[in-house]
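Trainee: Sharing a structure, written as structure tokens. Questions coming.
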Amino acid sequence: MVLNPDRYECPEHHADLTGLVEEALEDQGPPVAFRRPPLGRRAPADGPFKVIVTCPGTGSAAPHPLTCSGTQTP
């Protein structure tokens, strides 16, 4: 999958959240109206998206939710 932007970072902790965004999109899968792919993980739908991921924080900073948005193409 190709994301735009191609990197997601917590502006407060400068932690790379790209992997968490990709996982959240894979978990969402395509809308119900689309046919499921055979076996394995569901293919993400293309187009705009918005997901909430948890920034792990750094040092003494606590984890916190962060909303990430952009577009994707499979």
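Trainee: Collect residues whose amide H, placed 1.01 Å from N in the peptide plane, falls under 5 Å from the amide H of Glu9; neighbours closer than 5 in sequence don't count.
Mentor: For Glu9, whose amide H was placed from the backbone, the distant partners under 5 Å are Leu17.
Trainee: Please list 3J(HN,Hα) in residue order for segment 49-61, calculated via the Karplus relation 6.51 cos²θ - 1.76 cosθ + 1.60 where θ = phi - 60°; whole Hz, with x for glycine and proline.
Mentor: Values, residue by residue: 8, 8, 10, 10, 10, 10, 6, x, x, 9, x, 8, 6 Hz.
Trainee: Count the net charge of all other residues whose Cβ sits under 10 Å from the Cβ of Tyr8, scoring Lys and Arg as +1 and Asp and Glu as -1.
Mentor: -3
Trainee: So, one more: Which whole-Hz couplings ³J(HN,Hα) result when phi for each residue of segment 64-72 is put into the Karplus expression 6.51 cos²θ - 1.76 cosθ + 1.60, θ = phi - 60°, listed in order with x for Gly and Pro?
Mentor: Each residue of segment 64-72 in turn: 8, x, 9, 8, 10, 9, x, 10, 9 Hz.
Trainee: Here is a follow-up. Hey, fewest Cβ within 10 Å first, where do Val51, Val2, Val21 land in order?
Mentor: Least to most surrounded, the residues fall as Val2, Val51, Val21.
Any read-out appearing in this document is the output of simple, stated calculations on the displayed coordinates, not a laboratory observation. Here the structure is a predicted model, which means the values were calculated and not measured. Quick reminder, even Gly has a Cβ in these numbers, built from the backbone with ideal geometry, and neighbours come from all protein chains shown.
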